[in-house]
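To keep things clear, I will list the structure first and then write my remarks on it.
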Amino acid sequence: MLDDPNIRVIAMIVEHFRHPRRFLEVARLARAANKRIVLLHPGSSSAARASAATHTGAMVGDYNIMRTLVAHAGVLLVDTLEELIDVADILIRCTALPTGGAAVFTESGAFKALTLDLGESLSAPTTERPGPSSAP
């Protein structure tokens with residue numbers, strides 16, 4: 001995938017890294033090649049770690065350490081399957097993500113209006129906008 005010019009985003013669900021150092025190196029190479037890795041890694045709870053150990057036979061390491069290491073390698077971590085799909089979709093559609101500022105993605109006009117209200121209330125004071133003109 002690193003050598004394929006048609007692949008820009010790699011979405012993965014991983015329960016256990018058999019070779020964590022190798023994965024981190026591949027993640028760094030992917031980042032250097034302008035390819036993004038989006039990772040869903042279950043195991044934040046003790047029950048999920050125990051479950052993974054029973055069917056993979058793997059010792060599951062410290063979840064917070066894993067999150068820190070993969071994030072430093074440039075991997076985008078997500079918490080749900082829906083988020084994995086959404087983040088991968090955004091990265092595929094946006095070849096260059098904007099920097100700075102804020103962005104809100106919503107399908108609701110009401111949430112858009114609420115966000116605009118909040119943004120304006122947090123910004124520096126501006127002059128009052130003129131209302132509708134009253135013609136004589």
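Taking H as built 1.01 Å from N, whose amide H comes closer than 5 Å to the amide H of residue 10, not counting residues under 5 places away?
Placed amide hydrogens put 36, 37, 38 under 5 Å from residue 10.
Run the simple label-point estimate for residue 90 and residue 121 please: 7 Å along Cα→C-beta, distance reported in nm.
With each label point 7 Å from Cα toward Cβ, the separation is 2.4 nm.
Here, each number is a calculation from the coordinates, and none is a lab measurement. In this text, all values refer to a predicted model and were calculated from it rather than measured experimentally. Here Cβ is always computed from backbone atoms with ideal geometry, including for glycine, and neighbour counts include all displayed protein chains.
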